[in-house]
Amino acid sequence: MAIEITPTLLAAASWGYVLMDCQGQMILLDRDGQILDRGAAPVNPCAIAPFGKFGLLLSTWNGTQGNLYTIDLEPQVGQNSEHS
């Protein structure tokens, strides 16, 4: 399977994987590597980390300013994930 981005960041979560490129394009994969969703996040991401069941922390850096974002991925992956 091919993906349309060149990932610079990857994070593993209980439901699958988050791949992100430097432009903020994001692909969500299930545990089998199948695409769940595609989306856009802020540009210039420098770190991502999953938290909780469906949360994602995203930090960006632009020149002299950094920002931290929290993203709820439940709408994209919640209905597709296996329930424990």
Fully extended contour minus Cα-Cα distance, from Thr64 to Gln34, at 0.36 nm per residue: 7.1 nm
What's the exposure ranking of Tyr17, Tyr69, going from fewest to most Cβ atoms within 10 Å? Tyr69, Tyr17
Sorted by Cβ density within 10 Å, fewest first, the residues Asp30, Asp21, Asp72: Asp72, Asp30, Asp21
Determine, for Val18, Val43, the number of other Cβ atoms within 10 Å of each Cβ, and report the residues in order from fewest to most. Val43, Val18
Taking the Cα centre of the chain as the origin and placing charges on Cβ (Lys, Arg +1; Asp, Glu -1), which of Leu29, Ile71, Ala47 is farthest toward the positive end of the dipole? Ala47
Note down the magnitude of the dipole of the chain about its Cα centre, charges +1 on Lys and Arg C-beta and -1 on Asp and Glu C-beta and zero elsewhere, to the nearest 20 debye. 180
Please work out how much length the chain gains when fully extended from Met1 to Val43, using 0.36 nm per residue of separation minus the C-alpha to C-alpha distance, in nm with one decimal. 12.6 nm
Largest first and in whole Å, what are the equivalent-ellipsoid semi-axes of the chain based on the Cα gyration tensor, each being the root of 5 times an eigenvalue? 22, 15, 9
Under a crude label model (7 Å from the Cα following the beta-carbon direction), how far is Cys22 from Glu74 in nanometres? 3.5
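From Cα pairs below 8 angstrom and at least 6 apart in sequence, can you work out the relative contact order of the chain, rounded to a whole percent?
For the chain, the relative contact order is 20 percent.
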For the pair Phe51/Leu10, report the inter-label distance in nm, with labels modelled 7 Å from Cα in the Cβ direction. 2.4
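Laboratory data are not the source of any read-out in this text; all were calculated from the coordinates shown. Computed from a prediction, not measured in an experiment: that's the story for all the values here. Every residue, glycine among them, receives a Cβ derived from its backbone with ideal geometry; neighbour counts consider all protein chains shown.
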